[in-house]
Every structure is written in C-alpha cells, then in structure tokens.
C-alpha cells in the first residue's frame, strides 16, 4: 500500500456555514506557502460567486472562483463527474501528480472538506487510471465551528489551537474507502449538479468518459450486532490493517507505545440509513468507528479530548442535563418544556450528517416527549431539530 500526502494546515470554520471558506483557507495556505487569508473575505468571495444556482452558502462554482482568484501558479478545476469512482480517482491523481489537496463536497451537498492524502495500492498513471485500488482517504474536516463564532479565534495562525481537542476541530481524519462511498461522497441529490459527484481539483481538463462506478451494497446483516468486546478488537485490527501506527502522529494519538487499552465502545444508530449502527471506540487521543453489524473499520480521527467527552456522555448524564430545560421549537412552534417525569431517552446515541453535527464522532442523545424529539450532542449543545438540507455549509 502507498500513501500519498499533501501537507495541508488545519483550520476550523468560523461559523456553522463557513466550511467552504475554511476549506479555501486551508488549501490556499498550502499552495501559497503558509499565507492565511481571512475566512470572512473568503466566504464573501465564495458566496457572491455561487451563481449557477441559488440556495448555497458556498456553491461549487463559488469555491472554484475563490481558489483561482486568491493565488498564483495553480489552476483549479470544478469536477462534477458522473460516478463516485471517477471523482475519487481524480482526487488521487490530483494529490499525486499536482501535489494539491482538493476540496470535496460530501454528505450529498451539505459540507466541504479538504482531502489531503490517500492510501492506494499503487501510484496512479493518470486521472482515469483504474489499475490501482483506493483503500482510504485522509481529510481535514473544518467542522465544528470555532467556539464563539466570528472573532474567536480569528485571526487564524500557524500556532492557533484549531484541531487541538475538545471542540477545536477534527484534524487528521482517516476514512476507509467503503465509508467514503457510503457516507461521504454520495452525490448531489438535486438542482444544478443533480446526480454529480463534486470536487475541486487541479487537473488537466478532464477527458470524456470515466468508466462506471463500482456497485455499493449497504453492509447490513439481519443478525445481532457485534458485542462491545468485538468492536474493540476490530478497531485494533483496523488500525493495524491501515498501518496507521507507521505515521508518528497516529502512533502518539493511539498511544501504541504504551499499549493503551481502548475505552468502552459507544453504540450509535444512523438516522439516515435503515437498520444501520456503528460503534465509536475511544483509544488514547484517537477514536475509531466500527460497523456494528460486520465489524468493518469505517474511519478514525485524532481528536484529543473527544474520548473523555464520549466517556462522560452517558445516556443518563445527557438526559439529566435537559431536565426542566425550555427549548424554542422551530417554525414558531412555541416553547417546549422538558419534563423529567415523561422524557424518554433513546437506548443508543444517534447521528446523521446535519448542520448540528458534521462528524460521526459527535452523535446525539435523542429524547422523546410526546410527539417531539430533542437532540443533545455529546459535547453539550441541545437542539430541537436536526437539519440535513443545507448546501455547502
């Protein structure tokens, strides 16, 4: 297995809809020798040039315009291709040949991330080379927003605390290719780019015809879920299979030198996939996601502090913090007062890609009172609804 990597600084988005601005900030810092541009200005560029279709915070055309307008020496191209396989190979080719980290539109059309590396079986010979296998991607996910919104931190710098733990962002994320296909690069569901798989790369003009996508079969069995003990073992096997310990940053994160023992796994139900569950296995300063049906490795993240956050986020603790809480309901729905006597907690944590959580490592406790659901994210915030209809947020 070969790993290609483009060193790309990590920074969080300054608001809950600045993912495109943060992605531009990271990519431009990489190609402009570390110079950091302000996210407010980048967002204004992105948003004002997202003209192909309304409704976007950062549209694909807007982000492409910004990346080409704010630097010299690179030529960024908006690739809206017909298959996930094609765009994924284009990303690998861009990383290897052009030494640039592409921006990828994921979760349908909800979110922008930066792909800075890939585990592949061999180096690609072209953007249409099908002779190599993609095993995983390394990404910088700019979510969650910095605490306090605009003005906190910025200004960003090479020594800011983005990605340092707690709610300081998700740096150093590793995503198995099957997870990439099923959860991340799923295609635009409607509008101008309907049915397309979108990334902003630095390639030659793309040739016509990319080959067919490999069929994806949702890996769900009818049997019982694997046990927590098996999940821990599968997490270790996944880390070993992808040779994450050969990367010094990952070695330290997993605390493999000291033989760290994984913490108690946490079961999470996917709200957007029928009968789909995964375990989060905290280990050291990292967390690993494992399919709860098959034990398949899904992804991992270096996220100091999230293990402790998850360990303290028991169902009873999350439920308790909402007792007697009053929540403003959306669409002028009034105020919902949570009553501890009648609130019913869901038996597992839950998650789907949404504005309120753009990482599977930040799931929710779902509480039901009457016909209403309330969602308590593991790091504390409480929401009356989960919004999965954002575009480029």
Picked from the range 15-57 (must be in a helix (DSSP H, G or I) and over 21 Å from the mean Cα position of the chain (by Cα)), the residue nearest to residue 99 (Cα to Cα) is 31
When restricted to 105, 63, 81, the only residue touching a helix residue (DSSP H, G or I) at 6+ places or on another chain (Cβ under 6 Å), buried (at least 23 other Cβ atoms within 10 Å of the Cβ) and modelled with pLDDT of 95 or more is 63
Just checking, how many residues over the range 359-368 are under 9 Å from residue 345 (Cα atoms) and surrounded by fewer than 24 Cβ atoms within 10 Å (Cβ to Cβ)? 3
Answer residue from the range 344-368, given it is out of contact with any strand residue (DSSP E or B) (no Cβ under 7 Å at 6 or more places or on another chain) and in a strand (DSSP E or B) and is nearest to residue 169 (Cα to Cα) among those: 354
Picking from 349, 386, 329, which residue would you name as being at pLDDT 90 or above and within 30 Å of residue 58 (Cα to Cα)? 386
Selection from the range 10-27 of residues touching a helix residue (DSSP H, G or I) at 6+ places or on another chain (Cβ under 9 Å) and surrounded by fewer than 22 Cβ atoms within 10 Å (Cβ to Cβ) yields 15, 17
When residues of the range 283-317 are limited to those that are assigned to a strand (DSSP E or B) and at pLDDT below 90, the one surrounded by the most Cβ atoms within 10 Å (Cβ to Cβ): 286
Restricting to strands (runs of 3 or more DSSP E) lying wholly in the range 72-184: which have 3 or more residues that are farther than 28 Å from residue 16 by Cα and assigned by TED's automatic domain parsing to the domain that holds residue 24? none
Residues in the range 227-241 that are over 13 Å from residue 292 (Cβ atoms) and surrounded by fewer than 20 Cβ atoms within 10 Å (Cβ to Cβ): how many? 5
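The values are calculated or read from the model by the stated rules, or taken from the named source; none is laboratory data. The shown structure was predicted, so the numbers you read here are calculated from the model rather than taken from an experiment. Counting neighbours? That spans all protein chains shown, and the Cβs are built from the backbone with ideal geometry, glycine included.
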